[in-house]
Amino acid sequence: MKRSVILLAGGEGSRFGTKKQYILLGGKPLYMHSLEKVLDLFEEVILVLPEEDLQKIKVPPKVKKVAGGKERQDSVLEGILEAEGDIVIIHDCARPFASRELFLKVSELGDFEGKICALPVRDTLKQVSEGMVIKTIDRTGLWHSQTPQAFLRKVLLECHFRARGEGFFATDDAMLLERYGYRVGVVMGEPTNIKITYPEDLALAQRLL
């Protein structure tokens, strides 16, 4: 089966304060850390960028640039529509430390329509309202979801169209498959596969690097 990897670098960086996909980490833009890892792993590489940056960003010849949408879910759909693979691997470039091995593990779907990487919750979970603890949440069976995530293209495309028709927005693509009754498998994620969301996350990333 042909595999296409879709790298998401189309955000506006509202929480970070700037377009974080272009900030330098170890001397190169954040998105390049993911791009360089997958160039020789998959048959097709798609980089989703803000529309206004498509002509500014230079990429290797193999890489296909696609304009993203308003929301993350819109950007993923734009990438899927351009993908030619039977399996699509979705990854947020805000996670620069996902290993090559992790990309390969999630792309082996087996008997599932989708597969994610995740880590079991270790900390005690509290439900809080207005500065006060309401109750402790049982963490049994709870996992922290990460990317990359991989899916059968035709299934993910169907789920995206159904969600768009319903006006439903998910926080990750696996949530769409869950909503419509498809099976999503899990492989063990990586503790170092952190997501850079706020400026203080960049300081941690620099130390990890």
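The values are calculated or read from the model by the stated rules, or taken from the named source; none is laboratory data. Owing to the predicted nature of the structure, the values given are computational and were not obtained by experimental measurement. Every residue, glycine as well, gets a Cβ built from its backbone with ideal geometry; the counts of neighbours run over all protein chains shown. Just the protein is used for accessible areas: all its heavy atoms, side chains included, with ligands, DNA and RNA removed. Shrake-Rupley method; radii C 1.70, N 1.55, O 1.52, S 1.80 Å.
Observations on the structure shown:
- Considering the stretch 87-115, the residues that are part of a loop (DSSP other than H, G, I, E, B), out of contact with any strand residue (DSSP E or B) (no Cβ under 7 Å at 6 or more places or on another chain) and of a type outside the set (F, W, Y) include one that is surrounded by the most Cβ atoms within 10 Å (Cβ to Cβ), namely A94.
- Complete set of residues in the stretch 177-196 that are open to solvent by less than 60 Å² (accessible area, probe 1.4 Å) and out of contact with any Lys or Arg (no Cβ under 8 Å at 6 or more places or on another chain): G189, E190
- Given (1) over 17 Å from the mean Cα position of the chain (by Cα); (2) modelled with pLDDT of 95 or more, number of the condition A83 does not satisfy: (1)
- Every residue from the stretch 162-176 that is open to solvent by 40 Å² or more (accessible area, probe 1.4 Å) and either part of a helix (DSSP H, G or I) or of a type outside the set (A, V, I, L, M, F, W, C) (or both): R162, R164, G165, E166, G167, T171, M175
- Test set (1) open to solvent by less than 30 Å² (accessible area, probe 1.4 Å); (2) part of a loop (DSSP other than H, G, I, E, B); (3) within 30 Å of L209 (Cα to Cα) - L47 fails condition number: (2)
- Applying the criterion of being modelled with pLDDT under 90 and within 14 Å of the chain's Cα centre (by Cα) to the residues of the stretch 11-42, the residue that is surrounded by the fewest Cβ atoms within 10 Å (Cβ to Cβ) is G11.
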